[in-house]
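Here's the structure we're looking at; comments come further down.
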Amino acid sequence: MTKLLRPFRWVLLLFLLLFSCLWCLNTGAVALDWQLLWPCLFDQCHASAQHQILLELRLPRLLLGLVAGAGLALSGALLQNLSRNMLADPYLFGIISGAGLGATLATLLLPQYAIALPLAAFAGALLAMVLVLGFAALGGWQRLDTVILAGVAVSFLLSAVTSLLLYQSEAFAANRVMFWLMGSLARADYQALAVITPCLLLCFALGCLYRRQLDALQWSDQTAYSLGVAVLPVRLLFLLLTAALTACIVAYCGGIGFVGLMIPHLVRLLFGGQTLVLLCGSMLCGSMFLIWVDAGARTLLPEQELPLGVITAGIGSLFFLLLLSRKGQRQL
């Protein structure tokens with residue numbers, strides 16, 4: 001019976017994603033005319049105001065939400081499989097802290113250049129990734145806990161440097177960086193999509209290509225070795241890929257936490273834990289989740305936009321407590 005329901009679940013998921021996209025396109029301070037929605041998409045809309053709102057503001061923001069949500073969920077699913085830790089998350093590697101440090105330096109040193117903020121955030125995120133992998137290599141790749149502990153240590157270190165810089169900076173610059181660090185799609189444009197989308201597709205394609213190796217790694221390193229899997233190269237490859245993908249997302253969207261933690265758990269519950277199923281389901285569910293969160297951030301408060309990280313952190317904290325309570329009940 002469960003196998004018969006799975007195709008229906010996929011069809012339902014795709015329908016919900018399509019409905020979510022159409023709904024979120026028409027959600028905001030200005031209501032669009034549904035009769036003009038499709039003509040506007042094909043550049044045949046004579047109402048210039050609605051044409052600009054749709055194609056220059058809402059459509060890039062929707063597409064960025066789709067790829068960012070898919071990328072964060074995909075990274076979380078891969079990291080949980082690689083580490084065999086269901087609580088693994090992209091931000092355990094200190095990427096958000098590194099991006100925050102880069103954004104702080106760009107805001108303080110190059111405030112007149114708009115492109116400096118995402119570029120510096122990307123450079124800071126890559127720096128954090130290199131530090132984490134370097135410290136983990138010193139402790140030995142055989143222990144997966146070493147990577148997570150190195151990520152936590154690097155995160156605290158870079159956050160401390162960022163806090164010191166913000167403490168000594170002007171209030172306006174500090175407020176700008178703090179809002180960016182909490183996550184937002186307000187900077188959405190087609191340039192961001194051109195950077196994030198190839199990274200997302202590359203990570204997904206390699207995940208599908210190495211799906212059998214990733215399935216073997218879920219059991220144990222010894223099992224993977226016995227099946228002919230080169231454990232260390234495969235693990236290092238996907239650690240680099242997920243870190244680079246998350247860095248691209250953070251560079252344009254800021255810090256949006258808990259998506260990589262929550263979505264893979266929901267996908268395993270609905271569709272199972274096989275790697276190919278997990279990757280596809282995580283991308284679809286992550287995309288739908290983030291565009292709904294963004295729609296809520298734009299509409300919950302009148303004439304004010306909430307940071308996405310505030311909403312995802314609230315939902316993620318409750319989800320994390322639910323996981324802990326279920327784990328405690330199973331142990332009893």
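Would you call residue 36 touching a Cys at 6+ places or on another chain (Cβ under 6 Å), at pLDDT below 85, open to solvent by less than 10 Å² (accessible area, probe 1.4 Å) and in a helix (DSSP H, G or I)? It would help to see each step written out before you state the result.
Details: touching a Cys at 6+ places or on another chain (Cβ under 6 Å): yes; at pLDDT below 85: yes; open to solvent by less than 10 Å² (accessible area, probe 1.4 Å): no; in a helix (DSSP H, G or I): yes.
No: the conditions fail for residue 36.
Take the conditions open to solvent by 20 Å² or more (accessible area, probe 1.4 Å), at pLDDT below 85 and in contact with a Ser or Thr (Cβ under 9 Å, 6 or more places away or on another chain) and apply them to residue 138. Does it pass?
Working: open to solvent by 20 Å² or more (accessible area, probe 1.4 Å): yes; at pLDDT below 85: yes; in contact with a Ser or Thr (Cβ under 9 Å, 6 or more places away or on another chain): yes.
Yes; evaluated as a whole, the condition is true for this residue.
Failed condition for residue 318, given (1) on the phi > 0 side of the Ramachandran plot; (2) free of Cβ contacts under 8 Å to residues at least 12 places away in the same chain, with all others met?
(1)
Consider residue 206 carefully, then state whether it is within 17 Å of residue 72 (Cα to Cα), touching a Lys or Arg at 6+ places or on another chain (Cβ under 7 Å) and either of a type outside the set (Phe, Trp, Tyr) or not in a loop (DSSP other than H, G, I, E, B) (or both). Break it down stepwise before answering.
Values: within 17 Å of residue 72 (Cα to Cα): yes; touching a Lys or Arg at 6+ places or on another chain (Cβ under 7 Å): no; either of a type outside the set (Phe, Trp, Tyr) or not in a loop (DSSP other than H, G, I, E, B) (or both): yes.
The answer is no for residue 206.
Please work out which residue is most open to solvent (accessible area, probe 1.4 Å), limiting yourself to the range 213-272 and to residues that are in a loop (DSSP other than H, G, I, E, B) and of a type in the set (Gly, Ala, Ser). Walk me through how you get there before you give the answer.
Restricting attention to the range 213-272, the residues satisfying the condition of being in a loop (DSSP other than H, G, I, E, B) are 218-220, 227-230, 254-258, 272.
In the following step, the residues that additionally are of a type in the set (Gly, Ala, Ser) were identified as 220, 228, 230, 254-255, 257, 272.
Numbers: 220: 28, 228: 67, 230: 52, 254: 1, 255: 9, 257: 20, 272: 19 Å².
Step by step, filter the range 213-272, then rank; the result is 228.
Looking only at the range 254-266, decide whether some residue is touching a residue at least 40 places away in the same chain (Cβ under 8 Å) and more than 20 Å from the chain's Cα centre (by Cα).
Within the range 254-266, the subset touching a residue at least 40 places away in the same chain (Cβ under 8 Å) is 254-265.
Still in the running and more than 20 Å from the chain's Cα centre (by Cα): none.
No: the range 254-266 contains no residue that is touching a residue at least 40 places away in the same chain (Cβ under 8 Å) and more than 20 Å from the chain's Cα centre (by Cα).
Looking at the range 213-231, I want the residues that are within 17 Å of residue 274 (Cα to Cα) and have a partner that is open to solvent by 60 Å² or more (accessible area, probe 1.4 Å) and among the hydrophobic types (A, V, I, L, M, F, W, C) with Cβ atoms under 8 Å, at least 6 apart or on another chain. Which pairs are those?
Note: pairs meeting the criteria are 216/227.
Report whether or not residue 278 is within 18 Å of the chain's Cα centre (by Cα), under 21 Å from residue 209 (Cα atoms) and surrounded by fewer than 24 Cβ atoms within 10 Å (Cβ to Cβ).
On the way: within 18 Å of the chain's Cα centre (by Cα): yes; under 21 Å from residue 209 (Cα atoms): yes; surrounded by fewer than 24 Cβ atoms within 10 Å (Cβ to Cβ): no.
Against the criterion (within 18 Å of the chain's Cα centre (by Cα), under 21 Å from residue 209 (Cα atoms) and surrounded by fewer than 24 Cβ atoms within 10 Å (Cβ to Cβ)), residue 278 does not qualify.
Take the residues in the range 285-305 that are open to solvent by 40 Å² or more (accessible area, probe 1.4 Å) and within 24 Å of residue 100 (Cβ to Cβ); name whichever of them is modelled with the highest pLDDT.
From the range 285-305, those open to solvent by 40 Å² or more (accessible area, probe 1.4 Å) are 289, 292, 298-305; that's our starting set.
Next, from what is left, pick out any that are within 24 Å of residue 100 (Cβ to Cβ): 289, 298, 304-305.
Values: 289: 96, 298: 88, 304: 83, 305: 85.
By that ranking, first place goes to 289.
Of all residues in the range 66-97 being among the aliphatic types (A, V, I, L, M), at pLDDT below 85 and closer than 18 Å to residue 182 by Cβ, which is surrounded by the most Cβ atoms within 10 Å (Cβ to Cβ)?
95
Residue 61: of a type in the set (Lys, Arg), open to solvent by 20 Å² or more (accessible area, probe 1.4 Å) and more than 19 Å from residue 262 (Cβ to Cβ), yes or no? Give the steps one after another, and end with the answer.
On the way: of a type in the set (Lys, Arg): yes; open to solvent by 20 Å² or more (accessible area, probe 1.4 Å): yes; more than 19 Å from residue 262 (Cβ to Cβ): yes.
In short, yes.
Which of the residues spanning the range 98-119 are surrounded by 14 or more Cβ atoms within 10 Å (Cβ to Cβ) and either out of contact with any Leu (no Cβ under 6 Å at 6 or more places or on another chain) or modelled with pLDDT of 85 or more (or both)? Can you show your working first?
We begin by selecting, within the range 98-119, every residue surrounded by 14 or more Cβ atoms within 10 Å (Cβ to Cβ); these are 98-108, 110-111, 116-119.
Listed by number, the residues that qualify are 98, 99, 101, 102, 105, 107, 108, 110, 111, 117, 118, 119.
The values are calculated or read from the model by the stated rules, or taken from the named source; none is laboratory data. Everything quoted here is computed from the prediction, not taken from an experiment. Glycine also receives a Cβ, built like all others from the backbone with ideal geometry; neighbour counts cover every protein chain displayed. To get the accessible areas, we keep the full protein, side chains included, count just its heavy atoms, and leave off ligands, DNA and RNA. Shrake-Rupley method; radii C 1.70, N 1.55, O 1.52, S 1.80 Å.
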